């Protein structure tokens, strides 16, 4: 029953169910007034595009919160699971590549939006009283965003993030007095590992965003308290935030999202146009090879928006210890200091102009340093190295000896100066070339790690790094280059560079060792004393060469089919699993084996039967070229089973004095051997 | 009949409490609240500071390779340093934990060992065989083959030389240590 004071409502005025519900909540929360306050903020001078940056930043942050929380739901922060879980998100989970791609690219967009927002605030003088505190809050927010960018870079625990973070945390150690402690706290101990990840993750997804949200709430409420700082002159009548400014903000958000998606999907479009298959896992954010402290990573660079700081450290060449301190601590500190003083300086018109000039100069400096860093790294792509051939030649001839160079240039000061400056340019090109090579290597390593992680056996509990470390395809070439390549070549004889590389080598070419093609070359009178076989060794005029060049060409003893049978039998002994082509018929192999065992033929020097107890004068051919055989000869070529006392220079890689470490561990030898034999994991799709 | 209280005064907010009783109440409120918050904060900070008392493995001589593996031509060669390692709760047996460069002059049996970590910012220094020098791929610090700086360099000091011995059996052992980067003095990390 209504009270006498209230006028009875007509049935048409009576709110519906929804309206009643809304009334119920409004009575108890006052949300309508709140919404009104939120949406009907006055925008002096009307809605403008230049006001959209703040909202776009909030939108970008919301995107990071949404994508970040879902990434969190699949991420596992530990040294054995971080890379692995990110691999799983990126390459196996439905939509994972898109989720991670948005998170990764939006982080970069956020940095750009921050710069735009800062520029707009400074140029419009929006930091002046009473908005000083809000400007300072904005700077703190900026540092929080940069902190999240820095901590997020490590979380995939790949080579790129690992080595970049090592540099960043080493720089933190330069802070006076507390530096080493700060570094140890951030790293989570004396060395990088589980606790580096758990701490960076707690910072990235906990401490920093929680602080950011708190600061953002204050930042926005202070913004509302002071109202929008309108750009003068105001050409249009005042408008309300909703819907005029909201529309512009929303369009800006959509544009940002479109750019982010564009960056992610552009490679897919390119692949489509070029008729290549689109692999979703390759879109969006990159994932390098798993972090490995013992594996050099020459392609280490920070994310592009930190490149200027990276480059800045190179500026202080020759400054000694103070250079890095100035570059990494003092200068960034001073710049932040000036920025914090901006609201005070801006009280005077001259100060305001200084602030604008400072901000623009800062951005120009950042742009310049970024361009310099890019040029340093990529110069070899556009520089003409051939133009420096004479410099390269003189440097090689003189071994870089300054006195010899001066003499070669006739001690002419002008020519020497020109030479020096050109040598410097050549040096820059060389450095860029090694960076580009490192990038190619890093990409190949990453692709291989991802291929290994996708094996049907999956990743072992000890992590993907173990897969990489035990992969002949990844490790073999590195170990070979380090321990074998100073004597042996490994080059396809059909390759254009083969003749040069073979001439430089002082031992046999091991490319295709164990295949029929390799044996055929060995038994070819023209090749056996050539550089691919015994040509550059002590056996150049040995019994084997003599045998091939004199006995084997005697067709009364050796029919061409006999030689082919021996080749087939040798290839069968080796049993190279890949790249050797199909084995010959069993009958041919049997014939070949009989010929080899024949005491009048191969068997006169080589042992080829377990029944023979005495070793031959030449290496055993039982199991020749098999894994076990090659491991054996690499371990100890001076063993009677192999070259014995006739061994030519080859070290016993696996043998060492009691207590000393051998040159190569058993595992390392096996990796080299498996690589030589082409025995490594191949995904099913590639095998056919 | 019970006495009626005039409830109309409840509509007025009470005045600020003054005097000694008010002061004590305020102090007590702050103390109780602060005390209640203290344990979680203290426990948090205490645990967060845990890494400060962690020490790396004590510097020890580790077998790296044998003399015959180091070419006697002055060119350094890179070797992995392998030892047992503990990362928080995980123990690794015989893990590569870093790398050293070993070199010896022509015909000499004395071996020099350098840490592969750049003394500038901690990147992995590489050998430029073409130019016969060390070069850091990050900020371009260059070092001669015997570890000295090529000036001008971003690096504040020469490469970190490690103590190194050739044992009677020909094995090479290196005292594996990490040093603080970016400073002029070579100071070992604890």
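The values are calculated or read from the model by the stated rules, or taken from the named source; none is laboratory data. No experiment lies behind these values; they were computed from the predicted model shown. Neighbour counts are summed over all protein chains in view; Cβ atoms, including those assigned to glycine, are modelled from backbone coordinates with ideal geometry.
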When the stretch B:47-84 is checked residue by residue, the ones that are under 14 Å from the mean Cα position of the chain (by Cα) and facing chain A (nearest Cβ under 7 Å) are B:51, B:52, B:54, B:55, B:56
Residue A:155 meets each of (1) within 14 Å of another protein chain (Cβ to nearest Cβ); (2) touching a helix residue (DSSP H, G or I) at 6+ places or on another chain (Cβ under 7 Å); (3) touching a residue at least 60 places away in the same chain (Cβ under 8 Å) with one exception, condition (1)
Scanning the stretch B:85-101 residue by residue, those touching a residue at least 24 places away in the same chain (Cβ under 8 Å) and either more than 7 Å from chain A (Cβ to nearest Cβ) or not in a strand (DSSP E or B) (or both) turn out to be B:85, B:86, B:100, B:101
Checked the stretch B:20-54 for anything at pLDDT below 95 and loosely packed, with under 10 Cβ neighbours inside 10 Å; matches are B:20, B:21, B:53
Of the candidates A:166, A:128, the one satisfying the condition of being at pLDDT below 95 and at the interface with chain B (Cβ under 9 Å from one of its Cβ atoms) is A:166
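Just checking, how many residues over the stretch B:164-175 are within 12 Å of another protein chain (Cβ to nearest Cβ), on the phi < 0 side of the Ramachandran plot and surrounded by 15 or more Cβ atoms within 10 Å (Cβ to Cβ)? Let's see the steps before the verdict.
So in the stretch B:164-175, the residues within 12 Å of another protein chain (Cβ to nearest Cβ) come out as B:165-174.
In the following step, the residues that additionally are on the phi < 0 side of the Ramachandran plot were identified as B:165-169, B:171-174.
Restricting the remaining residues to those that are surrounded by 15 or more Cβ atoms within 10 Å (Cβ to Cβ) gives B:166-167, B:171-174.
Final tally of qualifying residues: 6.
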Residue hits (the stretch B:102-142; under 21 Å from residue A:391 (Cα atoms) and free of Cβ contacts under 8 Å to residues at least 40 places away in the same chain) are B:128, B:130, B:131, B:133, B:135, B:140, B:142
Screening A:302, A:267 for residues that are crowded, with 17+ Cβ neighbours inside 10 Å and either without any contact (Cβ under 8 Å) to a residue 40 or more places away in the chain or in contact with a helix residue (DSSP H, G or I) (Cβ under 9 Å, 6 or more places away or on another chain) (or both) leaves only A:302
By my count, helices (runs of 4 or more DSSP H) wholly in the stretch A:345-416 with at least 3 residues that are modelled with pLDDT of 95 or more are A:349-382
Notebook entry, point to check: Can we say residue A:534 is in a loop (DSSP other than H, G, I, E, B), in contact (Cβ under 8 Å) with a residue 24 or more places away in the chain and under 18 Å from residue A:617 (Cβ atoms)?
Noted result: yes
Within the stretch A:627-656, restricting to residues that are in a loop (DSSP other than H, G, I, E, B), surrounded by 18 or more Cβ atoms within 10 Å (Cβ to Cβ) and touching a residue at least 40 places away in the same chain (Cβ under 8 Å), the one that is nearest to the chain's Cα centre (by Cα) is A:653
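State the number of residues belonging to the stretch A:539-560 that are assigned to a helix (DSSP H, G or I) and touching a helix residue (DSSP H, G or I) at 6+ places or on another chain (Cβ under 8 Å). Before you say what the answer is, go through the steps one by one.
Looking only at the stretch A:539-560, we keep the residues that are assigned to a helix (DSSP H, G or I), and these are A:539-541, A:543-551, A:560.
Okay, now just the ones that are also touching a helix residue (DSSP H, G or I) at 6+ places or on another chain (Cβ under 8 Å), so A:539, A:544-545, A:548-549.
Of the residues in the stretch A:539-560, 5 are assigned to a helix (DSSP H, G or I) and touching a helix residue (DSSP H, G or I) at 6+ places or on another chain (Cβ under 8 Å).
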Of the listed residues (A:513, A:480), the one being over 29 Å from the mean Cα position of the chain (by Cα) and not assigned by TED's automatic domain parsing to the domain that holds residue A:194 is A:513
Of the listed residues (A:479, A:465, A:473), the one being touching a helix residue (DSSP H, G or I) at 6+ places or on another chain (Cβ under 7 Å), within 14 Å of chain B (Cβ to nearest Cβ) and touching a residue at least 40 places away in the same chain (Cβ under 8 Å) is A:479
Residues in the stretch A:598-626 that are crowded, with 20+ Cβ neighbours inside 10 Å and assigned to a helix (DSSP H, G or I) total 1
Wholly inside the stretch B:116-190, strands (runs of 3 or more DSSP E) that include 2 or more residues that are under 20 Å from the mean Cα position of the chain (by Cα) are B:171-176
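Hey, which of the helices (runs of 4 or more DSSP H) in the stretch A:16-103, taking only ones fully inside, have at least 1 residues that are crowded, with 21+ Cβ neighbours inside 10 Å? Reasoning before the result, please.
Working: elements: A:17-29, A:31-39, A:52-72, A:82-91.
Those helices (runs of 4 or more DSSP H) span A:52-72, A:82-91.
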For the stretch A:327-339, pairs from a residue that is within 16 Å of residue A:369 (Cβ to Cβ) to a residue that is at pLDDT below 95 and not in a helix (DSSP H, G or I), with Cβ under 9 Å and 6 or more apart or across chains, are A:327/A:316; A:327/A:319; A:327/B:154; A:328/A:174; A:328/B:121; A:328/B:182
